[in-house]
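**Q** Submitted below is the structure of interest, expressed as structure tokens.
The values are calculated or read from the model by the stated rules, or taken from the named source; none is laboratory data. None of the values given here were measured: they were computed from a predicted structure. Backbone-built Cβ (ideal geometry, glycine too); neighbour counts: all protein chains shown. Side chains included, ligands, DNA and RNA excluded: accessible areas come from the protein's heavy atoms. Shrake-Rupley method; radii C 1.70, N 1.55, O 1.52, S 1.80 Å.
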Amino acid sequence: MNTAPSSRISPIPRHAHGDEADLVVEGGRLVTPEGVRDGAVVIRDGRVDALVAPGDPLPSGPRLDARGRYVLPGLIDSHVHFRTPGLEHKETWENGSRAALAGGVTTVMDMPNTRPPSLDAPSVRAKAALIAGRSYVDHRFHLGADPDHPEVLADLDPAVATSAKAFMAGHHTAPVVFREAHQLEAAFAAAARGNVRLVLHAEDQHVFDLLDSRSGDPGSYDAYEPHRPRSGAIVAVAKVVHLARTHGTKVHVLHVSSAEETDLLAAAAAEGLPITFEVTGHHLSFTDHDTARRGPRTRLSPAIRAPRDQERLWRAVLSGEATTIGSDHAPHTVEEKNRPPAEAPPGLPGVQELAVSVWTGLLSRGIEADTAAAHLARLMGKGPAELFGLAGKGRLTVGADADIALLDPAARWQMSARHVHSLCGWSAYEGWMFTGRFTTVVTGGRVAWDLARGTVGEPRGRWLQGPARPRPDAALPTADRELEGASR
Ligand code: DOR
Ligand code: ZN
């Protein structure tokens, strides 16, 4: 990681001698891809127009005081379940996106396991239309991979989605599950043809069925993790590695939970396979002791595992083996959660808590604040932006979208239910002392949220469509087109 200070932040502002800026974020510590240093951000027309070193001239215009704050790129959470359409009793897009802003997140990627699920392009477009005008944050959608229709992946218009989620094991909210080996094989082949990145819930249903046939449902939360053990995840990850090697499919394995999966995935990536993975905030924050002690709130799929797994996941985060951290924001109502282990749906809300819980974890592991800020900007900025082709997002750099999150790095505060913006109204982190708090969030160059006022202005989040599909004739280099013409 490059955190070495450098003397100057360039380039010199284009308009230094002329017109006003739309906003100047002044006096903060900038977390840029080139390093972490003091400076100001000049914003014009919704974009970062210049990064200016201390003492260099600044244009006139409205000021945002960032003294004592880290100035982070607006963060990306590439794994949320905002529950539209059909599950709005758990979460609304307004609530979910407000929770995102409070957690420094300005771009989310939403999952397809809704009612109905988004298993094809028309359903993704319909979802985007439902959300239009309701989101405080920019958004992109993961398509749902349908075991019965692999051809959808081969033909997917990248404007609609560039990634597709496949569930290899079932649970309460999984809409369709890849149970048969030939279905998974077909999906990997089709995704490779369509240049679609598969994002995977990699747990193996056959392993769980086999275990369930002997042991039945877990009777207590003590028994939950052993009921959904690491063997399911390890077997699934081994299959994923094999299929990625066979077909060349790009894969991103979600919510890696165990040391063994981490080792396998890191080795596969080192071999050069197009494999990356995500670690969630909750697998970094809790262990199976919490599930045994506190029950349904940390009943997750995949289950939260042992302290040694958590340590391996932290190592993956710090070493750069993990490309993204995600919240897997998966709200359920209190009534739904307060049930016996076999009936309670897995999942917890987390988009609001992700960055501060990881910040708290980084500092408590002795990571120095500038380095911690660079980690956050990589795992929730550059990492997901590059993986999913989110142009203009995830980097504090000239020309980027002016999405900015100001983090007070030392604020100590206790999380309680009254802080929760998610409609579900509860947090697994209630009672936690967090270090670090977002104080102001800017989207598209305008303040969208601050700690005192909450959301500021109307929801103006946009659907970030992917690149338009190249026209068939545009795919051929000019010389080839001429040759074709000549031979006609
Ligand atoms: O714990 C989980 N909850 N894991 C998933 O894979 C889905 C999610 C949900 O939608 O509730
Ligand atoms: Zn999820």
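**Q** What ³J(HN,Hα) values, in whole Hz, does the Karplus curve 6.51 cos²θ - 1.76 cosθ + 1.60 give for segment 51-65 when θ = phi - 60°, with x put for Gly and Pro?
**A** For segment 51-65, the Karplus-derived couplings read 10, 10, 6, x, x, 6, x, 10, x, 6, x, x, 10, 10, 7 Hz, x marking Gly and Pro.
**Q** Ok, one more. Please report the carbon-and-sulfur percent of the accessible area for segment 288-354; probe 1.4 Å, protein heavy atoms only, DNA, RNA and ligands left out.
**A** Of all accessible area on segment 288-354, carbon and sulfur atoms account for 48 percent.
**Q** Now a separate question. Of the DSSP beta bridges with both residues in the chain, give the percent that are antiparallel, rounding to the nearest 5.
**A** Given both bridge residues lie in the chain, the antiparallel proportion sits at roughly 50 percent.
**Q** Which whole-number value in Å³ per residue fits the convex hull of the alpha carbons of the chain?
**A** 159
**Q** Another question, then. Picking from Leu273, Thr262, Ser213, whose Cα lies most toward the positive end of the charge dipole for segment 192-280 (charges on Cβ: Lys, Arg +1; Asp, Glu -1)?
**A** Among Leu273, Thr262, Ser213, the one farthest towards the positive end of the dipole of segment 192-280 is Leu273.
**Q** In segment 366-461, which GluC sites (Glu not before Pro) are in a loop and have at most 13 other Cβ atoms within 10 Å, using DSSP for the loop call?
**A** Loop-located and lightly packed - Glu368.
**Q** Please go through segment 431-468 and write out the trypsin sites (Lys or Arg not before Pro) that DSSP classes as loop and that have at most 12 other C-beta atoms within 10 Å.
**A** Taking segment 431-468 and a limit of 12 other Cβ atoms within 10 Å, the loop trypsin sites (Lys or Arg not before Pro) found are Arg453.
**Q** Which percent of the accessible heavy-atom area of segment 68-112 goes to carbon and sulfur, probe 1.4 angstrom?
**A** It is 45 percent, rounded to a whole number.
**Q** Across segment 196-209, in residue order, what do the Karplus-derived ³J(HN,Hα) couplings come to in whole Hz, using 6.51 cos²θ - 1.76 cosθ + 1.60 with θ = phi - 60° and x for Gly and Pro?
**A** With the stated coefficients, segment 196-209 comes to 9, 7, 7, 9, 10, 8, 9, 9, 9, 5, 5, 4, 5, 4 Hz.
**Q** Here is a follow-up. Work out the FRET efficiency for Asp56 and Ser215 from their Cβ-Cβ distance, taking R0 = 56 Å, and round it to the nearest 0.05.
**A** The value I calculate is 0.25.
**Q** Normalised by the number of residues in the chain, what is the relative contact order in percent for Cα pairs under 8 Å and 6+ residues apart?
**A** With pairs under 8 Å counted, the relative contact order is 20 percent.
**Q** Can you list the HN-Hα couplings for segment 215-232, worked out from phi with the Karplus curve (6.51, -1.76, 1.60; θ = phi - 60°), rounded to whole Hz and with x for Gly and Pro?
**A** 9, x, 6, x, x, 8, 6, 4, 8, 5, 4, x, 6, 10, x, 4, 4, x
**Q** Grab the beta carbon distance between Leu130 and Trp432, set R0 = 41 Å, and tell me the FRET efficiency rounded to 0.05.
**A** 0.75
**Q** Moving to a separate point now. Using helices alone, what [θ] at 222 nm do you get for the chain, with -39,500 (n - 2.57) per DSSP H run of 4 or more residues, divided over all residues and rounded to the nearest 500?
**A** -8500 deg cm²/dmol
**Q** Another question, if that's okay. Quick one: accessible area per residue over the chain, 1.4 Å probe, rounded to a whole number of Å²?
**A** Here the residues of the chain average 38 Å² of exposed surface.
**Q** If you don't mind, there's one more thing I want to ask. Could you check the simple spin-label distance between Asp45 and Arg365, using points 7 Å along Cα→Cβ, in nm with one decimal?
**A** For the pair Asp45/Arg365, the computed spacing is 4.2 nm.
**Q** Still on this structure, I have one more. So what is the diffusion coefficient of segment 214-253 in µm² per second by Stokes-Einstein at 20 °C and 1.002 mPa s, using a Kirkwood Rh over Cα pairs?
**A** D = 177 µm²/s.
**Q** Follow-up. Greater than 20 Å separation of Cα atoms is the criterion. Which listed pairs, Lys90/Lys382; Lys165/Lys337; Lys90/Lys337; Lys165/Lys239; Lys90/Lys393; Lys90/Lys250, meet it?
**A** Going by Cα-Cα distance, Lys90/Lys382; Lys165/Lys337; Lys90/Lys393; Lys90/Lys250 fall outside the 20 Å limit.
**Q** Loop only per DSSP, at most 12 neighbouring Cβ atoms within 10 Å: give me the trypsin sites (Lys or Arg not before Pro) in segment 28-135, ordered by residue number.
**A** Arg67
**Q** Also, I was wondering about something else. Taking only the alpha-carbon atoms of segment 131-191, what semi-axes of the equivalent ellipsoid follow from 5 times the gyration tensor eigenvalues under a square root, in whole Å, largest first?
**A** So the equivalent ellipsoid measures 24, 16, 7 Å along its semi-axes.
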